[in-house]
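Novice: Here it is, the structure in full.
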Amino acid sequence: PSMSDAAPYSVRDGIAVITLNNPPVNGLIHALRTGIMEGFDKAAADTAVKAVVLIGSAKAFSGGADIREFNTPKSFSKPSLPEINEAQDSFPKPMVAAIGGFDMGGGLELALGCHYRVSAPKAQLALPEVKLGILPGSGGTQRLPRLVPMAEAVKMMTTGNPIPSEKGKEYGLVDEIVAGDLLEGAIAYAKKLIAE
């Protein structure tokens, strides 16, 4: 997919919506990373935009790095996921990840980089890198324990096993479970943040 197709950008009621669009699982290919970063720049520059929602599909927020790009120049092309996380850290407006289906590895690190996370019921959250013999490479080892009790964070990273979003809410990884339409719920959550 081209940049704009990989991460379509729209604004609804003062909320910028960046949609991850790289089927089937929104692997973080170069086009998608670039599209996300362009969306951030647009949202930051637009005074009418008060918050940002990052959303994937009902099936997956993001499955993380795309193995098809492993060991190719594209896997190292800017912006890298750590660079996206840095942009999230310094982002001037509230940023909400809306997690549907499952969110794994670098995809979870992308969600961890957002200020808040809302999730569909029973979504699966994991840092499964250990199953490939690698560690979470974009801040997951730091960000997860800041939100989740240390023992649980370590368990997630050392087993690679997913937890459901309900457990994530209990641990502080998920701020709100959205029973209805995920995008509507995320926009409503973002509006609540702005109002506060």
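Novice: When the residues of segment 111-159 are filtered to those that are aliphatic (A, V, I, L, M), in contact with a Gly (Cβ under 6 Å, 6 or more places away or on another chain) and open to solvent by 40 Å² or more (accessible area, probe 1.4 Å), which remaining residue is farthest from GLY180 (Cα to Cα)?
Specialist: Ranking the qualifying residues of segment 111-159, first place goes to VAL130.
Novice: Go through segment 90-117 and report how many residues are out of contact with any strand residue (DSSP E or B) (no Cβ under 6 Å at 6 or more places or on another chain) and closer than 20 Å to ILE194 by Cβ.
Specialist: So the answer is 4.
Novice: Only one of these is over 10 Å from the mean Cα position of the chain (by Cα) and closer than 19 Å to LYS191 by Cβ: ALA65, ALA44. Name it.
Specialist: On inspection, the qualifying residue turns out to be ALA44.
Novice: Now for a separate question. Picking from LYS74, LYS42, which residue would you name as being in a helix (DSSP H, G or I), modelled with pLDDT under 95, over 26 Å from ALA123 (Cβ atoms) and not small (Gly, Ala, Ser)?
Specialist: LYS74 is the lone residue from the list that is in a helix (DSSP H, G or I), modelled with pLDDT under 95, over 26 Å from ALA123 (Cβ atoms) and not small (Gly, Ala, Ser).
Novice: Residue by residue through segment 85-99, note down the ones that are surrounded by fewer than 23 Cβ atoms within 10 Å (Cβ to Cβ), more than 17 Å from VAL49 (Cα to Cα) and touching a Leu at 6+ places or on another chain (Cβ under 8 Å).
Specialist: Result: ASN85, single match.
Novice: Also, quick follow-up: Where in segment 119-176 are there helices (runs of 4 or more DSSP H), lying wholly inside it, with at least 2 residues that are more than 22 Å from PRO82 (Cβ to Cβ)?
Specialist: Fully inside segment 119-176 and qualifying: 150-159, 165-171.
Novice: Could you give every pair whose Cβ atoms fall below 6 Å, whose first residue belongs to segment 125-150 and is over 14 Å from GLY106 (Cβ atoms), and whose second residue is aromatic (Phe, Trp, Tyr) and at pLDDT 95 or above, counting only separations of at least 6 or pairs across chains?
Specialist: VAL148/TYR171
Novice: Give me a count of the residues in segment 165-196 that are in contact (Cβ under 8 Å) with a residue 40 or more places away in the chain, open to solvent by less than 70 Å² (accessible area, probe 1.4 Å) and not hydrophobic (A, V, I, L, M, F, W, C).
Specialist: Residues that pass the stated criteria total 6.
Novice: While we're on this one: If you check every pair at least six apart or on different chains, which have Cβ atoms under 7 Å apart with a residue in segment 95-118 that is over 16 Å from SER138 (Cα atoms) first and a residue that is surrounded by 23 or more Cβ atoms within 10 Å (Cβ to Cβ) and basic (Lys, Arg) second?
Specialist: Qualifying pairs under 7 Å: ALA97/ARG117; ILE99/ARG117.
Novice: Same structure, new question: Mind telling me which of the residues ILE84, ILE134, ILE99 ends up being touching a Phe, Trp or Tyr at 6+ places or on another chain (Cβ under 7 Å) and of a type in the set (Val, Ile, Thr)?
Specialist: Answer to the check: ILE99.
Novice: Report, by residue number, each residue of segment 64-84 that is surrounded by fewer than 16 Cβ atoms within 10 Å (Cβ to Cβ) and of a type in the set (Val, Ile, Thr).
Specialist: ILE67, THR72, listed by residue number.
Novice: Oh, and also: Can you name the residue in segment 3-37 that is more than 14 Å from the chain's Cα centre (by Cα) and in contact (Cβ under 8 Å) with a residue 60 or more places away in the chain and is also least open to solvent (accessible area, probe 1.4 Å) among such residues?
Specialist: Among them, the one singled out is ILE15.
The values are calculated or read from the model by the stated rules, or taken from the named source; none is laboratory data. This is a predicted model, so every value here is computed, not measured. Cβ coordinates were reconstructed from backbone atoms using ideal geometry, including for glycine residues, and neighbour counts include every protein chain displayed. When the accessible area is computed, the model is the full protein with side chains, heavy atoms only, and any ligands, DNA or RNA have been set aside. Shrake-Rupley method; radii C 1.70, N 1.55, O 1.52, S 1.80 Å.
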